[in-house]
Amino acid sequence: MHPSTKIESWKDDNIRFIGFMDIMGFKDLVTRKSHEEVKYMLNTLVSLNKSLESVFGKPNVKTADREKIESRIRSVTFSDSIMFFSQDDSLEDFLQISYALSIFQEASLQSGAPTKGAISLGMLTADFKNSVFFGQPLIDAYLLQDQLKYYGIVADNKVEEYIIDKNRKLEPGEPRVDRAFVRLKTPFKSGSILHYNIHLDSVSGEQLENLYKSVSGESRKYVDNTIEMFNLMNKK
């Protein structure tokens with residue numbers, strides 16, 4: 001048997017990143033669509049979560065006949081909320097959860113089931129065995145995304161401080177830590193506020209325009225703002 005190579009296992013209690021995502025218009029979806037259609041949509045998003053966990057995993061134990069993957073990014077779904085957790089607050093995990101959230105957000109927009117969310121950082125319990133999840137970062141991410149007025153993902157002040165600190169310590173020629181983000185005036189319910197946003201670039205204009213088909217009145221402002229933010233993020 002080959003000697004095993006161990007990588008730090010998941011800690012239930014740790015300083016980590018959390019991405020809190022909310023499926024927009026979930027109650028309306030349940031009302032307008034059949035039970036099977038809603039179930040299919042949710043299963044699609046959950047399947048994407050599991051795929052992302054595999055993509056952002058790494059070998060934990062190797063033997064002669066098997067390889068166990070210990071993902072550094074895990075997720076859990078509660079009704080219309082999806083939460084992503086990193087293993088810790090390392091730069092590696094920050095980059096991985098940032099890219100995972102970007103892929104998930106773009107996929108949700110492309111599927112016609114848009115989400116919005118926020119990413120926070122701090123001491124948090126993510127006990128998957130006993131389904132126990134709590135901590136100030138979870139509350140902070142939930143409250144911040146609730147104020148967001150477009151289909152996107154915004155970073156809170158703790159994550160912004162982390163980005164600034166890591167960028168300050170970079171050696172010459174090293175890539176910036178915030179390469180998955182764009183700092184823009186961001187639409188909130190209270191007005192336009194400067195924040196770091198997850199960069200969206202793999203969604204087509206047609207896919208964004210299609211979002212108008214499912215909303216009317218005030219809810220369309222989310223689509224207006226999303227298209228405007230997408231254009232600003234990808235301005236040449």
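The values are calculated or read from the model by the stated rules, or taken from the named source; none is laboratory data. Just so it is clear, the model here is predicted, and its values are computed rather than measured. Backbone-built Cβ (ideal geometry, glycine too); neighbour counts: all protein chains shown.
Could you please find all residues in segment 177-193 being under 14 Å from residue 147 (Cβ atoms), surrounded by fewer than 16 Cβ atoms within 10 Å (Cβ to Cβ) and not hydroxyl-bearing (Ser, Thr, Tyr)?
Hits for segment 177-193 are 189, 191, 193.
Taking the stated definitions as given, is residue 142 closer than 13 Å to residue 117 by Cβ and in a loop (DSSP other than H, G, I, E, B)?
no
Considering each residue of segment 123-139, count those that are touching a residue at least 60 places away in the same chain (Cβ under 8 Å), out of contact with any helix residue (DSSP H, G or I) (no Cβ under 8 Å at 6 or more places or on another chain) and either assigned to a helix (DSSP H, G or I) or buried (at least 21 other Cβ atoms within 10 Å of the Cβ) (or both), and give that number.
Result for segment 123-139: 2.
Answer with yes or no whether residue 171 is farther than 16 Å from residue 24 by Cβ and free of Cβ contacts under 8 Å to residues at least 40 places away in the same chain.
So residue 171 passes the test.
Quick check on my filter: what residues within segment 191-225 are polar (S, T, N, Q), at pLDDT 95 or above and within 21 Å of residue 104 (Cα to Cα)?
197, 225
Would you please name the residue that is nearest to residue 154 (Cα to Cα), looking only at residues in segment 210-236 that are loosely packed, with under 13 Cβ neighbours inside 10 Å and over 22 Å from the mean Cα position of the chain (by Cα)?
This residue is 235.
In this structure, does residue 166 turn out to be basic (Lys, Arg), in contact (Cβ under 8 Å) with a residue 40 or more places away in the chain and either touching a Gly at 6+ places or on another chain (Cβ under 8 Å) or surrounded by 20 or more Cβ atoms within 10 Å (Cβ to Cβ) (or both)?
Considered against the rule, which asks whether it is basic (Lys, Arg), in contact (Cβ under 8 Å) with a residue 40 or more places away in the chain and either touching a Gly at 6+ places or on another chain (Cβ under 8 Å) or surrounded by 20 or more Cβ atoms within 10 Å (Cβ to Cβ) (or both), residue 166 comes out as no.
So, in segment 186-219, how many residues would count as being in a helix (DSSP H, G or I), under 17 Å from residue 235 (Cα atoms) and in contact with a helix residue (DSSP H, G or I) (Cβ under 6 Å, 6 or more places away or on another chain)?
1
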